[in-house]
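Structure, as C-alpha cells:
Read the figures in this text as sums done on the coordinates, not as results from a lab. It should be emphasised that the depicted structure is a prediction, and the values quoted were computed from it without experimental measurement. Positions of Cβ are generated from backbone atoms using ideal geometry, with glycine treated the same way; all protein chains shown enter the neighbour counts.
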Amino acid sequence: MKNRRAAGWVLRRAVLSKHGVNCTMKYTILPSNTTEQNRFINLSDFKTCVDNYGEVEFEWKGIRYSITRIGKKISIAAAYHQETERLYDTADQALEYPVGEDRLRDVITKATVWLRTI
C-alpha cells in the first residue's frame, strides 16, 4: 500500500510538473491554543460552540470532561466514565449537567478548557 501511494504521488508530480505546476509543498505548523485562548468568555460563547457542533474537553477540580455530538444530541461525560454520560437536546439543557457538586452553567467559564473546536 505504501508503494502504491508513493507511486501515485510520483505520477501526479510528473503530470503536474509537465503542465508547469510547481510541486514543492510547504507546511506551516501552527502552535496549539493556550488554555486561556480556549476559555469560554461567557455562556453565549459556550452555547455558540456547542450549537455549531463544536467539541470541548475541559477539566474541573481535577476531573476531565468531554462534550461531543452524537447525531443531534449533545453528549457530556467525565472522561473514561461512560456511566456519567448524559444526552441533551440543546446547549441550554446541557448547561444543567452536574459537574461534581456544581452545574456546568456555573463552571464552564472558570474551567480549564484543554480542547475546543469552533
Under 5 Å from the placed amide H of Y97, counting only residues 5+ away or on other chains, we find L104, R105
Which order do S32, S75 fall in if you start with the one that has the fewest other Cβ atoms within 10 Å? S32, S75
Quick one: check the C-alpha center-to-center distance for segment 88-108 versus segment 39-68, whole angstrom. 10
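Counting other beta carbons within 10 Å of each Cβ, put R86, R39, R116 in order, fewest first.
Numbers: R86 14, R39 17, R116 20.
Ordered from fewest to most neighbouring Cβ atoms within 10 Å, R86, R39, R116 come out as R86, R39, R116.
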Output wanted: per-residue J couplings in Hz (rounded whole) for segment 47-55, from phi through Karplus 6.51 cos²θ - 1.76 cosθ + 1.60, θ = phi - 60°, x for Gly and Pro. 4, 4, 4, 5, 5, 9, 6, x, 10
Based on the Cβ-Cβ distance of Y27 and W114, what FRET efficiency does E = 1/(1 + (r/R0)^6) give at R0 = 30 Å, to the nearest 0.05? 0.75
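What number comes out for the charge environment of R69, summing +1 per Lys or Arg and -1 per Asp or Glu over other residues with Cβ under 15 Å away? Working shown, then result.
Working: positive: K47, K72, K73, R86, R116; negative: D51, E55, E57, E85, D89.
Local net charge: 0.
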Using only the Cα atoms of segment 26-118, each taken as one equal point scatterer with no solvent, compute I(q) by the Debye sum, divide by I(0), and report log10 of the ratio at q = 0.18, 0.19 Å⁻¹. -0.75, -0.83
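Nothing charged except the Cβ atoms of Lys and Arg (+1) and of Asp and Glu (-1): what's the magnitude of the dipole of segment 35-116 about its Cα centre? Round to the nearest 20 debye. Mind dumping the intermediate values first?
Values: 12 positive and 14 negative charges, 23 e Å.
The calculated dipole for segment 35-116 is roughly 100 debye.
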